[in-house]
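Asks: Here's a structure for you.
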Amino acid sequence: MHNTTVHDTFIGKTFMRWLALVIFKISGWKVAGERPTIRKYVIIAAPHTSNWDFVYTICLAFILGIKPRIMMKSTWFRWPMGSFMRWLGAFPIDRSGSHNVVAQSIGAFSKQKRMVLVVPPSGTRKKVMYWKAGFYHIARGAGIPVVLGYLNYREKVGGIGPTVHITGDMEADMKTIQDFYSDIDGKYPVIRALDIPSNASIAMPQKPEG
């Protein structure tokens, strides 16, 4: 999981930060929040409704000086994109082996003095977004907090929100996270939902525009 990336080279990360600033400037996006000072954490990249989320997430990482490892669907790593994606800090995950991904991630955190893992917790099913709780289990198993990263397409603002310290009360913790994202809109309007221990979902309709 820890191959050399662009973040490990001064010239590479300097150029990419400049490029990220240009992309944000041209596209009208703004950055909010600061890089967390903690050494290890899982950061949520949400809401996740478009492939453009990856582009803006990478830009935010360079602008804020965060060296992330980013979980992504294995389909992104087909030739010729695989090497480039790994160079950016992304690594493929097989959704069918989610439990193994959690275990490997927890193990990786235990071996590193510093580590930031970006986990997009949601997927889409027609017009409904459902949240997978892998990020929660990784954070709890590794004994680290969850940082709430976001992309608000309505206001064109992306950045870092609060840090949530996992208590073990999954329903309460997920509700805290849900409350933060309830006012944040992804690129495509959907009805969002968070998985909670009872396997029920809490639906959150988008606010009417205007």
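Asks: Can you list residue pairs whose Cβ atoms sit under 7 Å apart, with the first residue in segment 15-40 being on the phi > 0 side of the Ramachandran plot and the second being surrounded by 12 or more Cβ atoms within 10 Å (Cβ to Cβ)? Count only pairs 6 or more apart in sequence or on different chains.
Replies: G28/K156; G33/G159; G33/I160; G33/G161
Asks: Would you mind finding the one in P120, P47, P68 that is under 19 Å from T9 (Cα atoms), modelled with pLDDT under 90 and under 13 Å from the mean Cα position of the chain (by Cα)? Steps first, please.
Replies: On the way: P120 fails: under 19 Å from T9 (Cα atoms); P47 fails: under 19 Å from T9 (Cα atoms).
None of the others qualify; the one that does is P68.
Asks: Here's a follow-up. Among the residues of segment 54-73, are any among the hydroxyl-bearing types (S, T, Y) and farther than 18 Å from V147 by Cα? Quick ask: steps written out before the conclusion?
Replies: Here is the first cut: in segment 54-73, the ones among the hydroxyl-bearing types (S, T, Y) are 56-57.
Checking which are farther than 18 Å from V147 by Cα leaves us with none.
Within segment 54-73, not a single residue is among the hydroxyl-bearing types (S, T, Y) and farther than 18 Å from V147 by Cα.
Asks: Please go through segment 36-63 and pick out each residue that is farther than 25 Å from I106 by Cβ and either part of a strand (DSSP E or B) or touching an Asp or Glu at 6+ places or on another chain (Cβ under 7 Å) (or both).
Replies: Answer for segment 36-63, where residues must be farther than 25 Å from I106 by Cβ and either part of a strand (DSSP E or B) or touching an Asp or Glu at 6+ places or on another chain (Cβ under 7 Å) (or both): there is none.
Asks: Another question, if that's okay. Here's a check for you: in segment 151-172, which residue that is buried (at least 17 other Cβ atoms within 10 Å of the Cβ) and in a loop (DSSP other than H, G, I, E, B) is farthest from the chain's Cα centre (by Cα)?
Replies: Here is the first cut: in segment 151-172, the residues buried (at least 17 other Cβ atoms within 10 Å of the Cβ) are 151-153, 158-161, 164, 166, 170.
Restricting the remaining residues to those that are in a loop (DSSP other than H, G, I, E, B) gives 153, 166.
Values: Y153: 15, I166: 17 Å.
Per the stated criteria, the residue is I166.
Asks: Only residues that are within 19 Å of G186 (Cα to Cα) and acidic (D, E): list them for segment 27-74, please.
Replies: D53
Asks: Scanning segment 135-150 for residues that are part of a loop (DSSP other than H, G, I, E, B) and touching a strand residue (DSSP E or B) at 6+ places or on another chain (Cβ under 6 Å), which turns out surrounded by the most Cβ atoms within 10 Å (Cβ to Cβ)?
Replies: First, the residues of segment 135-150 that are part of a loop (DSSP other than H, G, I, E, B): 143-145.
So of that shortlist, the ones also touching a strand residue (DSSP E or B) at 6+ places or on another chain (Cβ under 6 Å) come out as 144-145.
Values: I144: 21, P145: 18.
Restricting to residues being part of a loop (DSSP other than H, G, I, E, B) and touching a strand residue (DSSP E or B) at 6+ places or on another chain (Cβ under 6 Å), the top hit is I144.
Asks: For segment 2-35, name all the residues that are in a loop (DSSP other than H, G, I, E, B) and surrounded by 14 or more Cβ atoms within 10 Å (Cβ to Cβ). Let's see the steps before the verdict.
Replies: Keep residues of segment 2-35 that are in a loop (DSSP other than H, G, I, E, B), which gives 2-5, 9, 28-29, 33-35.
Listed by number, the residues that qualify are T5, W29, G33, R35.
The values are calculated or read from the model by the stated rules, or taken from the named source; none is laboratory data. Keep in mind it's a predicted model, so treat the numbers as computed, not measured. As a convention, Cβ positions derive from the backbone with ideal geometry for all residues, glycine included, and neighbour counts pool all protein chains shown.
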